[in-house]
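Enquirer: Sharing a structure with you now.
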Amino acid sequence: MLAQPTKQELSDRINKLYATINKQDNNWDFAFITDKINQYYFTGTMQDGVFVLRNDGEYFYFVRRSFERAKIECSFNNIIYPMVSYKDIANTVSKSGKNTRKIYIETEIMTYAALERAGKYFDIKNVAPVDKIIQKIRAVKSPYELTCMEESGRQHKILLEDIVPSLLREDMNEAELTGKIYERMVGLGYHGVTRFSKSQTEMIVGQSGFGDNSIYPTNFDGPGGMRGMCPAVPIIGDRNRFLKKGDLVFVDIGYGYNGYHSDRTQVYMFGANPPDEAVQYHTKCRQIQKETAELLKPGNIPSEIYNTVTSKLDAEFLSGFMGMGEERVKFLGHGVGLQIDEYPVIANKFDEPLCENMAIAVEPKRSIAGVGMVGVEDTYIVTKDGGKCITSGEKDIWVV
């Protein structure tokens, strides 16, 4: 398998970005891409730099560090320039930066301080967001990207079905489990880091918890919970929560291969059969996942999928659906790719139709006070026949 996208694929991505901006706006001069994941998407390398697209279709990659590595990894050696400040960009791409009509920037990423530094050499009074444009371009996966994601899904299945059950033992703590999972992930082929687009989201491999620790309040925007190491590090796992017979074990893992992710959750029951209530709710979540996945077809509207599925759920089930109390999340699924939380989201206000080869994780889950979180999550590819699962899919609570 190729370690990175071909030169032709990168060219196609850049041309799509240029054409999309140009279609909605004919009064712009530059687009500045500073996010490292987006830089990788368009150049094939991930450095401290700025990818610049000019309105005539020419593009440039200015790199602070590592310039040498960028030259090795980027297929477009002729576009790479060393950079100390935005002055270097202005001297190369424009002799009249102060007369700029409009600059597209990642408003979710570029800091005010960085914008001020750019403003010494460019007129930044008129800026526009490029974030959503790039999100939508990245949402539709190429054959190369799908191949990477399918391999991630294949390894993900091995991890959760063959490896994790063998790791569970009485009196181990949550942090210990996370450490063992990570070690085995890296040995299996995991690319080493699980990435999120939401600012300041930290995660090592995902969320895992024993019993009602899996519904403990968390700043992570998902239905599951985690007590974590301490208030300063509310991730990884609780060193003081030890696994006992009769504990529910919640494992929500973001896996990745070659930069691309899959997302899956598996619930286990340690040393006992799950209570009837847990089985009932888990089975309902499997049904919801199946119904949602069947609707992942080109042309279907995410918000309509969300409302079609959730409108059938009764008030009692909804009271613990997708989290606890006021902290329940209001989505059924989310895009996956170079990051775990991508466009689109199966939720209200996402009204643009799905496209073939989008990748979406569907994760209906139900909290149970005093027991923990049950439910499922798998990653699907949008096809004309509905969602194609790449992570095995629709598993019962696994008794270990």
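Enquirer: So the check is Cβ under 9 Å with 6+ separation or different chains; which pairs have a first residue in the stretch 262-273 that's farther than 16 Å from E394 by Cβ and a second one that's open to solvent by less than 10 Å² (accessible area, probe 1.4 Å) and part of a strand (DSSP E or B)?
Expert: The qualifying pairs are M269/L248; M269/V249; F270/F210; F270/L248; F270/V249.
Enquirer: Can you tell me how many residues in the stretch 30-71 are without any contact (Cβ under 8 Å) to a residue 24 or more places away in the chain, in contact with a Phe, Trp or Tyr (Cβ under 6 Å, 6 or more places away or on another chain) and of a type in the set (A, V, I, L, M)?
Expert: The total comes to 1.
Enquirer: Exactly one of these conditions fails for Y81: (1) over 22 Å from V127 (Cα atoms); (2) assigned to a loop (DSSP other than H, G, I, E, B); (3) in contact with a helix residue (DSSP H, G or I) (Cβ under 7 Å, 6 or more places away or on another chain). Give me its number.
Expert: All conditions pass for Y81, except number (2).
Enquirer: I would also like to ask the following. Give me the strands (runs of 3 or more DSSP E) completely within the stretch 203-307, filtered to those with at least 2 residues that are of a type in the set (F, W, Y), ordered by residue number.
Expert: Working: elements: 206-210, 247-257, 260-270.
Fully inside the stretch 203-307 and qualifying: 247-257, 260-270.
Enquirer: Based on what the data block shows, is A70 surrounded by fewer than 17 Cβ atoms within 10 Å (Cβ to Cβ), under 27 Å from the mean Cα position of the chain (by Cα) and aliphatic (A, V, I, L, M)? Don't jump to the end; show me each part of the working.
Expert: Values: surrounded by fewer than 17 Cβ atoms within 10 Å (Cβ to Cβ): no; under 27 Å from the mean Cα position of the chain (by Cα): yes; aliphatic (A, V, I, L, M): yes.
Spelling it out, it is not the case that A70 is surrounded by fewer than 17 Cβ atoms within 10 Å (Cβ to Cβ), under 27 Å from the mean Cα position of the chain (by Cα) and aliphatic (A, V, I, L, M).
Enquirer: Do the conditions hold for T308, that is, is it open to solvent by 10 Å² or more (accessible area, probe 1.4 Å), farther than 19 Å from V249 by Cβ and of a type in the set (S, T, Y)?
Expert: Spelling it out, T308 is indeed open to solvent by 10 Å² or more (accessible area, probe 1.4 Å), farther than 19 Å from V249 by Cβ and of a type in the set (S, T, Y).
Enquirer: Output the number of residues of the stretch 171-209 satisfying the condition of being surrounded by fewer than 16 Cβ atoms within 10 Å (Cβ to Cβ) and among the charged types (D, E, K, R).
Expert: 4
Enquirer: Residues of the stretch 87-141 being of a type in the set (D, E) and open to solvent by 40 Å² or more (accessible area, probe 1.4 Å), which ones? Talk me through it step by step, then tell me what you get.
Expert: Filtering the stretch 87-141 for residues of a type in the set (D, E) gives 88, 106, 108, 116, 123, 131.
D88, E108, E116 - these are the residues of the stretch 87-141 that are of a type in the set (D, E) and open to solvent by 40 Å² or more (accessible area, probe 1.4 Å).
Enquirer: Additional query: Any chance the stretch 317-326 includes a residue that's charged (D, E, K, R), free of Cβ contacts under 8 Å to residues at least 40 places away in the same chain, open to solvent by 60 Å² or more (accessible area, probe 1.4 Å) and outside any helix (DSSP H, G or I)? Talk me through it step by step, then tell me what you get.
Expert: To start, the set of residues in the stretch 317-326 that are charged (D, E, K, R) comprises 326.
Those still in the list that are free of Cβ contacts under 8 Å to residues at least 40 places away in the same chain too: 326.
Restricting the remaining residues to those that are open to solvent by 60 Å² or more (accessible area, probe 1.4 Å) gives 326.
If we keep only those that are outside any helix (DSSP H, G or I) as well, we get none.
No, the stretch 317-326 contains no residue that is charged (D, E, K, R), free of Cβ contacts under 8 Å to residues at least 40 places away in the same chain, open to solvent by 60 Å² or more (accessible area, probe 1.4 Å) and outside any helix (DSSP H, G or I).
Enquirer: Please work out if G224 is of a type in the set (G, A, S) and at pLDDT below 95. Reasoning before the result, please.
Expert: Values: of a type in the set (G, A, S): yes; at pLDDT below 95: yes.
So G224 passes the test.
Enquirer: Right, something else. For the stretch 1-58, which residues satisfy the criterion of being of a type in the set (V, I, T), open to solvent by less than 10 Å² (accessible area, probe 1.4 Å), under 17 Å from R69 (Cβ atoms) and outside any loop (DSSP other than H, G, I, E, B)?
Expert: The answer is T43, V50.
Enquirer: Also, I was wondering about something else. So is P217 buried (at least 21 other Cβ atoms within 10 Å of the Cβ) and in contact (Cβ under 8 Å) with a residue 24 or more places away in the chain or not?
Expert: In short, no.
Enquirer: Residue by residue through the stretch 371-390, note down the ones that are open to solvent by 10 Å² or more (accessible area, probe 1.4 Å), out of contact with any Pro (no Cβ under 7 Å at 6 or more places or on another chain), assigned to a loop (DSSP other than H, G, I, E, B) and over 19 Å from K284 (Cα atoms).
Expert: Result: T383, D385, I390.
Enquirer: Name the one entry in Y144, Y121 that is among the aromatic types (F, W, Y) and at pLDDT 95 or above. If you could, list the steps in order and put the result at the bottom.
Expert: Details: Y121 fails: at pLDDT 95 or above.
Among Y144, Y121, only Y144 is among the aromatic types (F, W, Y) and at pLDDT 95 or above.
Enquirer: Something else: Tell me, which helices (runs of 4 or more DSSP H) wholly within the stretch 84-196 include 3 or more residues that are under 21 Å from the mean Cα position of the chain (by Cα) and β-branched (V, I, T)?
Expert: Details: elements: 86-93, 112-119, 131-139, 143-158, 164-167, 174-188.
Per the criteria, 131-139, 174-188.
Enquirer: Kindly provide the set of residues from the stretch 345-365 that are surrounded by fewer than 24 Cβ atoms within 10 Å (Cβ to Cβ) and either farther than 20 Å from E150 by Cβ or touching a Gly at 6+ places or on another chain (Cβ under 6 Å) (or both), ordered by number.
Expert: Selection gives V345, A347, N348, K349, F350, D351, E352, P353.
Enquirer: Say whether the condition of being among the β-branched types (V, I, T), modelled with pLDDT of 95 or more and crowded, with 20+ Cβ neighbours inside 10 Å is met by at least one residue in the stretch 160-168. First the steps, then the outcome.
Expert: Taking the stretch 160-168 and keeping what is among the β-branched types (V, I, T), we get 163-164.
Subset that is modelled with pLDDT of 95 or more: 163-164.
After this cut, where a residue has to be crowded, with 20+ Cβ neighbours inside 10 Å as well, the list is 164.
Yes, some residue in the stretch 160-168 is among the β-branched types (V, I, T), modelled with pLDDT of 95 or more and crowded, with 20+ Cβ neighbours inside 10 Å.
The values are calculated or read from the model by the stated rules, or taken from the named source; none is laboratory data. Remember, predicted model here, so these are calculated numbers, not experimental data. We place every Cβ from the backbone using ideal geometry, glycine too, and count neighbours over all the protein chains shown. Calculation scope for accessible area: heavy atoms of the full protein, side chains included, ligands and nucleic acids excluded. Shrake-Rupley method; radii C 1.70, N 1.55, O 1.52, S 1.80 Å.
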